[in-house]
Amino acid sequence: MSITDTTTQPRTARVRTYAIQGLEVRDVQITVDVRPGLPSLTVLGLSDLAGRHLRERLQHAFSREGYRLPTRRTTIEISPSSVHKQDRTFDLAIAIALLIASGQAERGTIHRAAIVGALTDDGTLRHVPGTFAMAEQASHDDRQLISAADRPEELEGAGLDPVAIPRTLKETIEAFCGGYALLAPQGLPAPPEHPASSLDLADLYGKDQAIRAMQIAATGRFSLLLIGPVGCGKTLLARRMPGLLPPMSAQERREVRRIHSTHSAPLTLGRPLRVPHPATSLPVMVGGGEHTHVGELGLAHHGVLYLDDVVAVADDVLDRVFEVLAAGEHVVHRHGRTSRLPADALLLAGASPCGCGHKPHNCTCEPEDRDAYRQRLEQLAGRFDLVVAVPDITCEQVPITPPVTTRQASEDVQRAHARLARREHKPAARTQQVAEAIAALDGCDRPGPEHHQQAAALTAMSR
């Protein structure tokens, strides 16, 4: 393979790649034109600074791998022009197109490949956000995907077989010239039928009432507010909530992986849990923005969103959270395009009974501050389906009877789900819906007086 540019005729190379806009995968074509003229490298569609950084990365990577940039007038075009030029997303595709156009690489099977990956200065490859979604699109387009090898688990379950996962620029060239073995990615292990969480409810003594409320919330998909002093275990309970929900279906797992892949969030086998900071801004919480990014609500899709210290969350953010979760998606309109970001999550929140975080009899707040806080807490409590108090117990108050395990609680919820699914669903008031969920948990076909009594207690603060 020659590393010098000996051609005197104009040469053009086209390479296919993908870009992510929201959760949508857009087809992108990289066109490199090399023709006689003074040495130059022009990147259409990139700012001067981004173009300079790209040239520097290409120069370093080419030098380490035994290649060199074309010594003629070179133009790089990324089309369509409306696509967002994500940082480093097109590095590998541009590098391959440059090598083909300058005669340093053969075209091989590049016409049926989609190349995604970022390029480092030493020629090694790195994955880019949205690799799983791009892999799904490549499978749909019947293209061979060439992707970086540093996170092969991103490709598991995308429907690609086989797939090329080179580690370097040189191996990428060999991948479509027949000299590199195609591999099946080392995917994540299949989740068990009943996922066992490392966080168990059995570790939390004296929280039976709160755990019962969590089971009811998981059964009926009700929002739940936990009220208790600082250190009583609200966050510990919330972190165990995903384990109570039924296992995800194959379609739900694909949706979750697609969302987390576009955000470069860690892959998860179980249902996701997001715990954003109370000061999280509206764009970060719900997503959207100039380039349609996924927010905390989207990352909690098919899982749990826990708002700790919910009283400190801004009103406009909280209003939008309830609106988006009620709709199940966040619709974004940008530049004549509409993107739908799914956001079907179970909402949990935590709050202290007083602004100082202590119990009322240990309160250190000024009277006017205490009254203002409690008034706001009452207003917020009215927006949740269920409200339950979480006690702060001492060592002497720890009960002897061990609490229910997460596995046991989850099995109860799944049986209740199945029982509710067999019923004829009719419009009903919230208290009636809660009573039906409680009855299903208790193995009853219809709610009785005791179920209505429990439902009334849990919804007493709701509007």
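The values are calculated or read from the model by the stated rules, or taken from the named source; none is laboratory data. It should be emphasised that the depicted structure is a prediction, and the values quoted were computed from it without experimental measurement. Every residue, glycine among them, receives a Cβ derived from its backbone with ideal geometry; neighbour counts consider all protein chains shown.
Is it the case that Arg64 is of a type in the set (Lys, Arg), in the same structural domain as Ile115 (by TED's automatic domain parsing), over 23 Å from Pro129 (Cβ atoms) and not in a strand (DSSP E or B)? So Arg64 fits the description; yes.
For every residue, the table says whether it meets (1) farther than 18 Å from Ser223 by Cβ; (2) among the aromatic types (Phe, Trp, Tyr); (3) under 19 Å from the mean Cα position of the chain (by Cα).
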| position | (1), (2), (3) |
| --- | --- |
| Val304 | no, no, yes |
| Leu307 | no, no, yes |
| Asp316 | yes, no, no |
| Val321 | no, no, yes |
| Arg340 | yes, no, yes |
| Ala343 | no, no, yes |
| Ala349 | no, no, no |
| Cys354 | yes, no, no |
| Thr364 | yes, no, no |
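From the list Leu347, Leu341, Leu325, which residue is assigned to a helix (DSSP H, G or I) and in contact with a strand residue (DSSP E or B) (Cβ under 9 Å, 6 or more places away or on another chain)? Give the steps one after another, and end with the answer.
On the way: Leu347 fails: assigned to a helix (DSSP H, G or I); Leu341 fails: assigned to a helix (DSSP H, G or I).
Only one candidate passes the filter, namely Leu325.
Any idea how many residues of the range 54-94 are of a type outside the set (Val, Ile, Thr), touching a residue at least 40 places away in the same chain (Cβ under 8 Å) and closer than 26 Å to Leu23 by Cα? The total comes to 12. Across the range 55-79, the qualifying residues are those that are surrounded by fewer than 19 Cβ atoms within 10 Å (Cβ to Cβ) and hydroxyl-bearing (Ser, Thr, Tyr), and the one among them that is nearest to the chain's Cα centre (by Cα) is Ser79.
Within the range 429-463, the residues that satisfy the criterion of being assigned to a loop (DSSP other than H, G, I, E, B) and under 16 Å from Thr219 (Cα atoms) are Asp442, Gly443, Cys444, Asp445, Arg446, Pro447, Thr459. When Gln29 is tested against (1) more than 27 Å from Thr338 (Cα to Cα); (2) touching a residue at least 12 places away in the same chain (Cβ under 8 Å), only condition (1) is not met.
Of all the residues in the range 404-451, those that are under 20 Å from Arg383 (Cα atoms) and surrounded by fewer than 22 Cβ atoms within 10 Å (Cβ to Cβ) number 7. Here Ser81 meets the list (1) among the small types (Gly, Ala, Ser); (2) closer than 25 Å to Met134 by Cα; (3) not in a loop (DSSP other than H, G, I, E, B) almost entirely, failing just condition (3).
Of the residues Val404, Val413, which single one is β-branched (Val, Ile, Thr) and in a helix (DSSP H, G or I)? Break it down into steps so the answer makes sense when it comes.
Details: Val404 fails: in a helix (DSSP H, G or I).
After applying the criteria, what remains is Val413.
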